[in-house]
Amino acid sequence: MQKQIKLVKRPIGLPTKEDFEFVQAPIAVPAEGEVLVRTVYISVDPYLRGRMNEGKSYIPPFELDSVIASGVIAQVVESKSTHFKKNDIVLGSLGWQEYSVVKETGIQKVDTNLAPASAYLSVLGMTGLTAYFGLVDIGQPKEGETVVVSGAAGAVGSIVGQIAKIKGAYVVGIAGSDEKVKYLQEELGFDAVINYKTEDINDSLAKACPNGIDVYYENVGGEIADAVYPLLNKFARIPVCGAISAYNNEVADVGPRVQGYLIKTSSLMKGFTVGDYSARFGEGTMALAGWLQEGKLQYEETVTEGFDNTIDAFLDLFAGANLGKAIVKVAEIES
């Protein structure tokens, strides 16, 4: 038997533990072309909140009374596939459970000689690729331009800021604690960082961006985004990755209208998901891995120990408790 986590209620506002249920279920047996894997790391991500709601989106909502799924690093326990052998380390979109049976086409091997296994949920995984394509393809930062990143100490934002520095930009981060401000400036080399919880975001952003804003990488929305729009330069670019400030709103989010700012500055504002770039994942992974090996990229992980603490780790995202990528460690990798 194994533990699983199911969604049993659609959250209203901020999710609570009552919206989830731990259950016991038998461990399945793989058929031909399948493998049985043991969960090692689970990725907890803000976008999962959207999948807990009903309604049309870019990815289907979770069904009630079904196991929640996200990115998972796992180790092969039993293989009935010619592509995988016992103890292989793999990545896939798998359930929040201790064991999974998956088709051989649903997972891929990861190279733990290149980076630790958990890195394939962060800098070399979907968050790293999200940072890369949103900034490089939509943001297109040029040397000397000003790039502003909201949620800058998060899994995506911290990588965005570093790539912008690699491209020669002046980088301003927005974060929510003095610890995060210090990390972004001293460890990652951001040129300026604003603590939106203790500073006036409008005044501080204007002071930090004396030459205006050329690229705004949007992870947060809300009042932080409202402070950015008046500072946009001609032909500014805004990759819209997320809007975590509104994910748990019980009523529609209302703020200043953006159209006038975009028209006056001929700015581009484009929403995207990393799946839009699936055909180019190889390009992104090679670039990120190269910068990682050259020491130009760093990454941080907030690791929560134990499968039983998965829901806590997920809820902590909305309190801003994580520095870098939030991951749950379920088990050790066996040699």
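Values quoted throughout were computed directly from the atomic coordinates according to the rules given, and no laboratory measurement underlies them. All of these numbers come straight from a predicted model, not from anything done at the bench. Don't worry about glycine lacking a Cβ; one is built from the backbone with ideal geometry, like all the others, and counts go over all protein chains shown.
List the aspartates and glutamates whose alpha-carbon lies under 13 Å from that of Lys142, not counting same-chain residues fewer than 8 positions away? Answer for Lys142, where 13 Å is the Cα cut-off: Asp214, listed by chain and number. Using Cβ point charges alone (K and R +1, D and E -1), the dipole size of segment 146-304 about the Cα centre works out to roughly 620 debye. The Cα atoms of segment 168-305 give a gyration tensor whose axes a ≥ b ≥ c have a/c under 1.5, which makes the shape rounded.
Panel order for Tyr261, Tyr229, by other beta carbons found within 10 Å of each beta carbon, from fewest to most: Tyr261, Tyr229. For segment 86-226, the gyration tensor built on C-alpha atoms gives a prolate shape. Its axis ratio a/c (a ≥ b ≥ c) is at least 1.5, and a/b is the larger of a/b and b/c. The charge dipole of segment 139-202, taken about its Cα centre with unit charges on the Cβ of Lys, Arg, Asp and Glu (plus for the first two, minus for the last two), comes to roughly 220 debye. The residues packed around Gly144, meaning those with a beta-carbon under 13 Å from its beta-carbon, carry a net charge of -1 if Lys and Arg are +1 and Asp and Glu are -1. Taking 14 Å as the straight-line reach from the Cα of Lys197, the aspartates and glutamates in range (excluding those fewer than 8 positions away in the same chain) are Asp178, Glu179, Glu223. Fewest neighbouring Cβ atoms within 10 Å first, the residues Val303, Val149, Val172 line up as Val303, Val172, Val149.
Dipole of segment 217-335 computed with +1 at Lys/Arg Cβ and -1 at Asp/Glu Cβ about the Cα centre; of Tyr229, Ala279, Val251, farthest Cα towards the positive end is Tyr229. Here's the list of aspartates and glutamates a cross-link from Lys80 could span, going by alpha-carbon distance under 18 Å and ignoring same-chain residues fewer than 8 apart: Glu32, Glu34, Asp88, Glu104.
Pairs exceeding 28 Å between alpha-carbon atoms, taken from Lys296/Lys325; Lys180/Lys234; Lys165/Lys270; Lys103/Lys329: Lys180/Lys234. Computed about its Cα centre, the charge dipole of the chain is approximately 740 debye, with only Lys, Arg, Asp and Glu carrying charge at their Cβ.
For Cys241, Cys209, the sequence from fewest to most other C-beta atoms within 10 Å is Cys209, Cys241.
Here is the result for segment 76-153: no chymotrypsin sites (Phe, Trp or Tyr not before Pro) lie in DSSP coil with at most 16 other C-beta atoms within 10 angstrom of their C-beta. Per-residue ellipticity at 222 nm from helix content only, as computed over the chain with -39500 (n - 2.57) for each DSSP H run of at least four residues, stands at -6000 deg cm²/dmol.
Couplings 3J(HN,Hα) of segment 219-226, computed from phi: 10, 10, x, x, 5, 5, 5, 4 Hz, in residue order, whole Hz [Karplus 6.51 cos²θ - 1.76 cosθ + 1.60, θ = phi - 60°; x for Gly and Pro]. Is the chain best put as rounded, prolate or oblate by its Cα gyration tensor, with a ≥ b ≥ c the root eigenvalues, rounded for a/c under 1.5, and otherwise prolate when a/b is larger than b/c, oblate when not? Prolate. Give the separation of the Cα centroids, segment 45-69 to segment 79-130, in Å. A separation of 21 Å, based on Cα centres.
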